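Engineer: Got a structure for you, written out below as structure tokens; questions coming shortly.
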Amino acid sequence: GQNIDQPTEMTATEGAIVQINCTYQTSGFNGLFWYQQHAGEAPTFLSYNVLDGLEEKGRFSSFLSRSKGYSYLLLKELQMKDSASYLCAAPHSSASKIIFGSGTRLSIRP
Amino acid sequence: DVKVTQSSRYLVKRTGEKVFLECVQDMDHENMFWYRQDPGLGLRLIYFSYDVKMKEKGDIPEGYSVSREKKERFSLILESASTNQTSMYLCASSPPGTNYEQYFGPGTRLTVT
């Protein structure tokens, strides 16, 4: 089966760095997505990793280790507007759909 | 810019009513999806469609049906609304396959009383 796990909540301080972890179990691998969702809004795409390693996009970076079934999203120079839920997602191994984790709600304090 | 629109942001219906949620995308995407999102449960897939008139059950299809008569439009139907269908409903679209990002609509918050 498929399973995606990520912490439910995290808190961090403005200006700091935070790492949000995600572990996944899939019978076949076809990449891993990260989405951001502000309260009351729709999810928006952040990143997609299909190869091992770190991919950087400005303040946000995403890391993947396929052998460990592990990914993380790294947010640097945190801003108050980064307070949101962060969803880890992986394509289903045998169907044209994506499985989402329950999301990590990140709160930024001044 | 990809645009996915949903017919209503907020909807209040009574138990037993038939409810239609409409979703339209303007990027000629083959794939369209309906999710519901509840606190602590994350995004759960109700139905998806990879082509006109094609549909596949997701993880929680019970109590729902869908219609895709045109490529740009994907409708979610609650045949007889119940209080446990009170939720946020999100529509999404993407190009074919699973290695493309999904574009989400703004969501419809449905309350069934």
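The values are calculated or read from the model by the stated rules, or taken from the named source; none is laboratory data. Quick caveat, the model's predicted, so the values are computed rather than measured. FYI the Cβ positions are ideal-geometry reconstructions off the backbone, even for glycines, and counts take in every protein chain you see. The accessibility values were calculated without ligands, DNA or RNA, using every heavy atom of the protein model including side chains. Shrake-Rupley method; radii C 1.70, N 1.55, O 1.52, S 1.80 Å.
Engineer: Would you please name the residue that is nearest to the other protein chains (Cβ to nearest Cβ), looking only at residues in the range B:86-100 that are open to solvent by 10 Å² or more (accessible area, probe 1.4 Å) and more than 12 Å from the chain's Cα centre (by Cα)?
Structural biologist: We begin by selecting, within the range B:86-100, every residue open to solvent by 10 Å² or more (accessible area, probe 1.4 Å); these are B:86, B:88, B:95-100.
Next, from what is left, pick out any that are more than 12 Å from the chain's Cα centre (by Cα): B:86, B:95-100.
Values: B:THR86: 16, B:PRO95: 11, B:PRO96: 7, B:GLY97: 7, B:THR98: 3, B:ASN99: 5, B:TYR100: 8 Å.
The selected residue is B:THR98.
Engineer: Let me ask something else about it. Quick one: A:ARG105 ticks every box in (1) within 13 Å of the chain's Cα centre (by Cα); (2) crowded, with 20+ Cβ neighbours inside 10 Å except a single one, so which number is it?
Structural biologist: Single failed check for A:ARG105: (2).
Engineer: Give me the residue from the range B:29-60 that is aliphatic (A, V, I, L, M) and in contact with a Pro (Cβ under 8 Å, 6 or more places away or on another chain) and, out of that set, farthest from B:TYR103 (Cα to Cα).
Structural biologist: Within the range B:29-60, the match that is farthest from B:TYR103 (Cα to Cα) is B:ILE46.
Engineer: Right, next: Could you figure out which of (1) within 11 Å of another protein chain (Cβ to nearest Cβ); (2) surrounded by 18 or more Cβ atoms within 10 Å (Cβ to Cβ) isn't true of A:VAL50?
Structural biologist: (2)
Engineer: Ok, one more. Among the listed residues A:LEU54, A:LEU78, identify the single one that is farther than 29 Å from B:GLN6 by Cα and not in a strand (DSSP E or B). If you could, list the steps in order and put the result at the bottom.
Structural biologist: Values: A:LEU54 fails: not in a strand (DSSP E or B).
None of the others qualify; the one that does is A:LEU78.
Engineer: Can you name the condition, by its number, that A:PRO7 falls short on among (1) modelled with pLDDT of 95 or more; (2) over 14 Å from the mean Cα position of the chain (by Cα)?
Structural biologist: In the conditions (1) modelled with pLDDT of 95 or more; (2) over 14 Å from the mean Cα position of the chain (by Cα), A:PRO7 misses (2) alone.
Engineer: Same structure again: Can you tell which of B:SER75, B:SER82 is surrounded by fewer than 15 Cβ atoms within 10 Å (Cβ to Cβ) and at pLDDT 95 or above?
Structural biologist: None of the others qualify; the one that does is B:SER82.
Engineer: Ok, one more. For the range B:101-113: of the residues being touching a residue at least 24 places away in the same chain (Cβ under 8 Å) and open to solvent by 30 Å² or more (accessible area, probe 1.4 Å), which is farthest from the other protein chains (Cβ to nearest Cβ)? Working first, answer last.
Structural biologist: Here is the first cut: in the range B:101-113, the ones touching a residue at least 24 places away in the same chain (Cβ under 8 Å) are B:102-113.
Subset that is open to solvent by 30 Å² or more (accessible area, probe 1.4 Å): B:103, B:106, B:109, B:111, B:113.
Numbers: B:TYR103: 8, B:PRO106: 5, B:ARG109: 8, B:THR111: 15, B:THR113: 21 Å.
Once the filter is applied, the top-ranked residue is B:THR113.
Engineer: Do the conditions hold for A:LYS97, that is, is it more than 9 Å from every other protein chain (Cβ to nearest Cβ) and among the charged types (D, E, K, R)? Even if it seems obvious, please write down each step before you answer.
Structural biologist: Numbers: more than 9 Å from every other protein chain (Cβ to nearest Cβ): no; among the charged types (D, E, K, R): yes.
Here the answer is no, as A:LYS97 does not meet what is asked.
Engineer: Go through B:ASP28, B:ASP59 for me and flag whichever is under 29 Å from A:PRO7 (Cβ atoms), open to solvent by 70 Å² or more (accessible area, probe 1.4 Å) and at pLDDT below 95.
Structural biologist: B:ASP59
Engineer: Let me ask something additional. Could you list, in sequence order, the residues of the range A:64-89 that are facing chain B (nearest Cβ under 9 Å) and either within 20 Å of A:LEU51 (Cβ to Cβ) or surrounded by fewer than 19 Cβ atoms within 10 Å (Cβ to Cβ) (or both)?
Structural biologist: A:ALA89 - this is the single residue of the range A:64-89 that is facing chain B (nearest Cβ under 9 Å) and either within 20 Å of A:LEU51 (Cβ to Cβ) or surrounded by fewer than 19 Cβ atoms within 10 Å (Cβ to Cβ) (or both).
Engineer: Please indicate, with yes or no, whether at least one residue in the range A:53-63 is polar (S, T, N, Q) and open to solvent by 20 Å² or more (accessible area, probe 1.4 Å). Before you say what the answer is, go through the steps one by one.
Structural biologist: At the first step, the residues of the range A:53-63 found to be polar (S, T, N, Q) are A:61-62.
Filter once more, keeping what is open to solvent by 20 Å² or more (accessible area, probe 1.4 Å): none.
No, that holds for no residue.
Engineer: Okay, next question. Of the residues A:SER85, A:SER61, which single one is of a type in the set (Ser, Thr, Tyr), modelled with pLDDT of 95 or more, within 26 Å of B:CYS91 (Cα to Cα) and not in a loop (DSSP other than H, G, I, E, B)?
Structural biologist: Values: A:SER61 fails: within 26 Å of B:CYS91 (Cα to Cα).
After ruling out the rest, the residue left standing is A:SER85.
Engineer: Would you kindly identify the strands (runs of 3 or more DSSP E) lying entirely within the range B:36-97 that contain at least 3 residues that are in contact (Cβ under 8 Å) with a residue 40 or more places away in the chain? Give the derivation first.
Structural biologist: Details: elements: B:42-49, B:64-70, B:73-78, B:87-94.
Filter on the range B:36-97 gives B:73-78, B:87-94.
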